[in-house]
Amino acid sequence: MSDIAVNVEDGIEDGVEEEPNIVRIGKKPIMNYVVACMTLLNSGVSDVMVRGRGQSITKAVETVDMLRRAFMKNIKVHSVDIGTEEIKRDDGSIASLSMIEIILGN
């Protein structure tokens, strides 16, 4: 299901998504992301990707765990992908950033 992932080289920044079924984890409280996942799943989307990078990886895992444990007990984790992305910094240097993509669905 990597065809729904957004490439960093495409110039897409955090918070701006081409694909409507991706929830990017950032600095907001976990419940915001849980509600976003529930809203997508209840709107008829078959799969939702929860994506976290760097320090947000832990929050991505906690989001999926809270969603499964407390709100949508029948939701299944279809796949978990981990990897490293190369990010171009403002000064032109390249940095490696760890990431996780968790795909959920019924």
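The values are calculated or read from the model by the stated rules, or taken from the named source; none is laboratory data. No experiment lies behind these values; they were computed from the predicted model shown. Note: ideal-geometry Cβ built from the backbone for every residue, glycine included; neighbour counts use all protein chains shown.
Output the residues belonging to the stretch 47-106 that are among the acidic types (Asp, Glu), over 16 Å from residue 25 (Cα atoms) and surrounded by 11 or more Cβ atoms within 10 Å (Cβ to Cβ).
Let us first name the residues in the stretch 47-106 that are among the acidic types (Asp, Glu), namely 47, 62, 65, 81, 85-86, 90-91, 101.
If we keep only those that are over 16 Å from residue 25 (Cα atoms) too, we end up with 47, 86, 90-91.
47 - this is the single residue of the stretch 47-106 that is among the acidic types (Asp, Glu), over 16 Å from residue 25 (Cα atoms) and surrounded by 11 or more Cβ atoms within 10 Å (Cβ to Cβ).
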Among (1) part of a loop (DSSP other than H, G, I, E, B); (2) at pLDDT 95 or above, there is one condition residue 74 misses while meeting the rest; what is its number?
(2)
Number of the condition not met by residue 43 [criteria: (1) over 20 Å from residue 83 (Cβ atoms); (2) at pLDDT 95 or above]:
(2)
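Out of all the residues in the stretch 86-100, which are assigned to a strand (DSSP E or B) and without any contact (Cβ under 8 Å) to a residue 40 or more places away in the chain?
So the first thing to find is which residues in the stretch 86-100 are assigned to a strand (DSSP E or B), and the list is 86-88, 94-100.
Selection gives 88, 94, 95, 96.
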Quickly run through the stretch 62-76 and pick out the residues that are aliphatic (A, V, I, L, M) and farther than 20 Å from residue 98 by Cα.
66, 67, 70, 72, 75
